[in-house]
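All remarks here apply to the structure that follows.
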Amino acid sequence: MVVKHWTVSRRTLLRNTFAAGVLTASGPSGHSPAPAAARPTGNRVAVLGGGVAGLTAAHELAERGFQVTVYESRAWGGKSRSVAVPGTGVGGRPDLPGEHGFRFFPGFYRHVPDTMRRIPFPGNPNGVWDNLVAVPEARFARRNGDDFRIPLRARDGVVVTPDRVRETLGAVVATALKMPVEEGLYFAERMLVFGTSCDARRLGQWERTSWLDFVGGHARSHEFRALLSHTLTSIMVAAKADVASVRTIGTMGEQFLLNPLGIGSDGDLDRVLNGPTNATWIDPWIRRIRELGAEFVLGAQVRGLRVRGRRITAARIVDRTDTTHIVEADYFVVALPAERARALWSPQILAVAPELAAMDRLFTDWMNGIQFYLRRPIDISRGHTAYIDAPWSLTSISQNQLWRDEFTGFGDGTVQDCLSVDISDWNTPGMVFGKPAVECTHEEIAREVWAQITAHLNDHGELLRDADLHSWFLDPAITWQAGLARNTNADQLLINTAGSWECRPQPHGEFENLFLAGDYVRTNVDLATMEGANESARMAVNALLDVAGSNAQRCRTFTLYRAPELEPLRRIDADRYAAGQSNQFDVPI
């Protein structure tokens, strides 16, 4: 095995370029380093990981004059990227666009939109942010044909009071979800309990309570469990109601349900990009970071960190030719997913930072996508659709209606729409093969998902026909292991299980020059999302600036909205919690 030593600088990169261009490629997916004047020492940063967290850290640091190199093993953008379907482009058209799974940008996201506004895009005064488009509704499809739609446009002038929460939210939930009024009222009461809970109770009690126990799902109707227990966890964030933290799910519910419709938000409740993610966001982002002077190295897998005292002296990186490179820098930002970051915590690292060992108790699950390319446009919903009775907890969106360019401009020119589907439950047996998705071949997954969707959509006529299907594409992170008769997943999702907050690290700990960025780091948004990754990277950069003694402006961070009208009740609850009493609204109904 060959070992090479690197320091993070253009001059050294030129001297140690990987053989055959494995780690250097032109265009947004790689980089071609050019000679540059030597920079002052002491500001070299190695960012390990090129997903949203890593790109955010690189962007913020490069803006502040640091000498940054980003190392990524697979592809820029991580789980947020789009993926070209190989070999599908014909006649000069680009390949069909695939993806890890569709993504949306709720109005309560603040960090990611702030970054987007700083990424130039031709013709857009607000940069990439102008590529976000609002969707006006959400559809909830049932196998019995009893579907319903919920409009997502905001109303003005809403004042939050306990009575308003009970009456308005209870009535909306009961009417929109077609369940008994008393169960809608019960859910509104539970959200009122959470909304009036102080921070100490949220962390000390609700962080350690499962969502299913909090909403009393065991004792409620089937409709309540399906819509308000299961849907809000499994479909939204791939969590399971019996293990998901109330603090996490309740905070998301607070943003969606108790936020007075736009106040404290960046924009509409539900937004998506108007084209493939790489074209409308990731590629322009990388170009911008490169313009700021950062370097990009693709095909670099981080295998270890070298330690001296309370400092990281180097990272050990292996390329696709199995050549080992020793990367030296002044600061290291580990921006890898939780399952990959914790693999780096050697006995030497844990001896200095033993709190990192708790990351082994963090739980990940699967939430991956499949795209169905259709020969005709399909009118399912003007936004996202949740398939309530689907064993695999499916959600979808029809993309052609929202994209700036027609789908006929991709592939062979005959695809007119794409139904992008997220699979959130990989462990429940399906309705066709009787196996969970994790045990299905890729062909079986496609057939099973198609069957579950058509069972929800075709109960009042043939909305989705087999003849409509041109082809399909499964997230390439899913790999079938024939010998094991099951799949593996290279891109898993962190799940905020009850009590997991104490297992999640701060962005800066015992090591002077080591900083952590990723959706597993403790953040205000407290959810494994692009927003959490972006926020954590800003926190890591701010900590780095403090350590470096920099006078650069700190990264802006945002807090989630809470209705100020309920603040007096939260103060009362702080006294009640300190006295060992329950929340004043937490009474049996």
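The values are calculated or read from the model by the stated rules, or taken from the named source; none is laboratory data. Because the structure is predicted, anything quoted here is derived from the model rather than measured. Ideal geometry is used to build each Cβ from the backbone, glycine not excepted, and the neighbour counts take in all protein chains shown. Remember, those area values only see protein heavy atoms, side chains included, never the ligands or the DNA or RNA. Shrake-Rupley method; radii C 1.70, N 1.55, O 1.52, S 1.80 Å.
Database remark: amide H of W472 closer than 5 angstrom to the amide H of Y373 (H placed geometrically; neighbours at sequence offset of 5 or more, or on other chains; Pro and chain starts carry no H).
Sequentially through the range 189-206, phi angles give Karplus couplings (6.51, -1.76, 1.60; θ = phi - 60°) of 5, 5, 5, 5, 4, 5, x, 9, 7, 6, 4, 4, 5, 4, 7, x, 10, 6 Hz, Gly and Pro residues having no value and appearing as x. For the range 410-536, the spread of Cα positions along the three principal axes, ordered from largest to smallest, is 60, 36, 30 Å. For the pair T321 and N427 in one chain, pulling the backbone fully straight at 0.36 nm per residue adds 34.6 nm over the alpha carbon distance. Residues whose amide H falls under 5 Å from that of V307, counting only those 5 or more places apart or on a different chain, are T313, with hydrogens built in the peptide plane. Semi-axes of the equivalent ellipsoid of the range 359-438 are 29, 15, 12 Å, computed as sqrt(5λ) over the eigenvalues of the C-alpha gyration tensor in descending order.
Here each label is just a point 7 Å from Cα along the line to Cβ, and for A358 and D213 those points are 1.9 nm apart.
Extension gain for the segment R404 to N458, taken as residue separation times 0.36 nm less the Cα-Cα distance, is 16.6 nm to one decimal. For the range 442-527, relative contact order (Cα pairs under 8 Å, six or more residues apart, normalised by length) works out to 16 percent.
With both labels modelled 7 Å from their Cα along Cα-to-Cβ, the A351 to T313 distance reads 1.3 nm.
Stretching the chain fully between L484 and S221 yields a gain of 90.8 nm (0.36 nm per residue, less the alpha carbon separation).
For S82, nonlocal amide neighbours, meaning residues 5 or more places apart or on other chains whose placed amide H falls under 5 Å from its own, are T277, N278. In the context of the full set of protein chains, the range 476-589 has a per residue accessible area of 43 Å² (1.4 Å probe).
Is the range 483-572 rounded, prolate or oblate when judged by the Cα gyration tensor, a ≥ b ≥ c being the square roots of its eigenvalues, rounded requiring a/c under 1.5 and prolate requiring a/b larger than b/c? Oblate, because a/c is 1.5 or more while a/b does not exceed b/c.
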